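Here the structure comes first, spelled out in structure tokens, and everything after it is commentary.
The values are calculated or read from the model by the stated rules, or taken from the named source; none is laboratory data. In this text the structure is predicted, and so the values were computed from the model without any measurement. Because the Cβ atoms are built from the backbone with ideal geometry, glycine has one as well, and the counts that use them run over all protein chains shown. All accessible areas refer to the heavy atoms of the entire protein, side chains included, with ligands and DNA or RNA removed. Shrake-Rupley method; radii C 1.70, N 1.55, O 1.52, S 1.80 Å.
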Amino acid sequence: MRVKDLDSHSVRALLASRALLVKIKRDLENQIRGVLKNLGLVIGRAKFNVFAVRTEELIAGSPRV
């Protein structure tokens, strides 16, 4: 039986971890987007780090509830 290289295992583990982190980030952004939408604040589509910047702008410009 052929055993895979240790480097192959580490690369595969890193890719799996990255995919999981990307999914978690997307889910959190969607939850934040939903909460803000209920308050009348629409972020819209945001790529890369634009989501965090746009969220901070919307929250800073809105009255406290």
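The table below gives the values:
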{"item": "The listed residue being assigned to a loop (DSSP other than H, G, I, E, B) and open to solvent by less than 100 Å² (accessible area, probe 1.4 Å), out of 40, 34", "result": "40"}
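Yes/no matrix, rows are residues, columns are (1) touching a Ser or Thr at 6+ places or on another chain (Cβ under 8 Å); (2) among the aliphatic types (A, V, I, L, M):
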site	(1), (2)
4	no, no
12	no, no
19	no, yes
25	no, no
33	no, no
38	no, no
41	yes, yes
48	no, no
54	no, no
